[in-house]
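Reading through the C-alpha cells given below for one structure.
The values are calculated or read from the model by the stated rules, or taken from the named source; none is laboratory data. Everything quoted here is computed from the prediction, not taken from an experiment. Ideal geometry is used to build each Cβ from the backbone, glycine not excepted, and the neighbour counts take in all protein chains shown. Protein only, heavy atoms only, side chains kept; ligands, DNA and RNA dropped before computing areas. Shrake-Rupley method; radii C 1.70, N 1.55, O 1.52, S 1.80 Å.
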Amino acid sequence: QRRLNRALQGDLPKALRHRQPIAIDLHLVPYHGQPLHDEDEVYRGKAKSGTSHFHAYATAYVIRKGQRYTVALVYVRKGQPLSAVIQELLRQAAKAAVRPRYLLLDRGFWSVAVIRYLQAARYGFLMAAPCRGRKADHPKGPGGTRVFHLRKRSGWGAYTLSDAQGRTARVSICVKCRNLRGERGKHGRQALVYAYGSGLRPSSYRWVKETYRSRFAIETSYRQLGQARIRTSTRDPLLRLLYVGIALILRNVWVWLHWEVLAHPRRGGRRLDLGQLPLRAMLLWLQHLAEEVFGICDQVAAERPILT
C-alpha cells in the first residue's frame, strides 16, 4: 500500500501541492468467495451484484482546473472505523503536500464518530445527508432528517445526530430545493439536503449544490478503474489491492498525458480534449506494446493430430 501511494503521488503537478478540496469515497468490489486468512479481509455492506461481501478500498481525489488525480489509496477491512480510514487517507495525501481546504464526503460517512473526528481535527466538510426518520404519514409526523427532505423551499438549519453509545454530534444543514421538470420522468419539487461544519461557511444554496456536484468526479474515476482493473478470481487480498492500485496509477498517467502533452494552449489556460485519447484507447496501446515485447501464444499442443 505504501508503494502504491508513492506511485500515485509521483508526478503530481505543483499546482496541487497546497490546500485543495478533497473528495473521499469508498469503492466496493463485489466478492463471492471466502477470506484467505482472516475474516476481516472481506467487508460487509448493502447487497450489490448478488452479494453483500466486498473488498473495500477508500480513495482521496483532487480536482483542480481539469486535473483530476487520485492522491491516496487505503485498503479497508471489516469493522475498521471510517474515521480511521479518513485519517489514513489524509496522512497519505499529506506526504504529497496535498492538504484539505475542505472535504467532500458521500452519505456513507454519515455517523457520529466521523463527524466528531472531523470537528475535533477542524476539517471543514460537506456531505449529503441521508433521508432517515419517521415518514410523513406517521401519527407523530415526520422525524429525523426526513423533515428536511420534505421541505418545499430552500433554507438553512441544524441537526443533532446520536448513536447507540449515547454520543451526539451537531451539524449545520443546507436544503436546496429544485424543480424536477420531467427529469427521468419525474415532476414536482426535490429537496437536496447537505450537512456541513467545522468552520465551513457556505455563501449560498447554489454554492453548496455546485461544490458538492464536483465530488461526483470520483465516481467517474471508479468507472475508469473498472475499465483498467485486471479481473481475477484470486482470494489473495494483497494481489487484489495491487490490481486496483495499478488501475488507479494508469488512470493518473492518462490524466497527466492530457494535461502535459495533449492539452491545447490558449489564453487563459489550457483546453483539454479528452476525446483525443480515451482511456480505453491508451489501455489498448499498452496491450499492443506488451504483446510486442513479450510476444503472444496462439497455439496449443494437441494430443492427436487433426484428421484431414
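Quick notes on this structure:
- Candidate set: the range 251-308, residues that are of a type outside the set (G, A, S) and touching a Lys or Arg at 6+ places or on another chain (Cβ under 6 Å); chosen: the one nearest to V62 (Cα to Cα): V255
- Restricting attention to the range 221-241, the residues being of a type in the set (S, T, Y) and either part of a loop (DSSP other than H, G, I, E, B) or modelled with pLDDT under 85 (or both) number 3.
- Count of residues meeting criterion [closer than 23 Å to R3 by Cα and open to solvent by less than 40 Å² (accessible area, probe 1.4 Å)] in the range 209-248: 15
- Test for V293: is it open to solvent by 70 Å² or more (accessible area, probe 1.4 Å) and either in contact with a strand residue (DSSP E or B) (Cβ under 6 Å, 6 or more places away or on another chain) or part of a helix (DSSP H, G or I) (or both): yes
- Residue count for the range 269-284 satisfying the condition of being assigned to a helix (DSSP H, G or I) and either in contact (Cβ under 8 Å) with a residue 40 or more places away in the chain or surrounded by 15 or more Cβ atoms within 10 Å (Cβ to Cβ) (or both): 4.
- Count of the range 124-148 residues which are in contact (Cβ under 8 Å) with a residue 60 or more places away in the chain and within 18 Å of the chain's Cα centre (by Cα): 6
- All strands (runs of 3 or more DSSP E) inside the range 124-219 with 1 or more residues being more than 24 Å from L104 (Cα to Cα): 168-179, 189-197
- Qualifying position, being within 30 Å of A120 (Cβ to Cβ), more than 20 Å from the chain's Cα centre (by Cα) and of a type in the set (K, R), among R181, R201, R189, R215: R201
- Residues of the range 68-100 that are open to solvent by 70 Å² or more (accessible area, probe 1.4 Å) and either in contact with a helix residue (DSSP H, G or I) (Cβ under 9 Å, 6 or more places away or on another chain) or assigned to a loop (DSSP other than H, G, I, E, B) (or both): R68, R77, K78, G79, P81, Q87, K95, R99.
- Test: residue in the range 118-125 that is within 18 Å of I218 (Cβ to Cβ), surrounded by 17 or more Cβ atoms within 10 Å (Cβ to Cβ) and of a type in the set (S, T, Y): yes
- Hits in the range 101-111 - residues which are open to solvent by less than 40 Å² (accessible area, probe 1.4 Å) and either assigned to a helix (DSSP H, G or I) or modelled with pLDDT under 90 (or both): F109
- Qualifying strands (runs of 3 or more DSSP E) (wholly inside the range 2-67; at least 1 residues being within 30 Å of Y102 (Cβ to Cβ) and in contact (Cβ under 8 Å) with a residue 60 or more places away in the chain): 19-30, 51-64
- Counted residues, the range 175-195 - those being open to solvent by 30 Å² or more (accessible area, probe 1.4 Å) and under 21 Å from A129 (Cα atoms): 7
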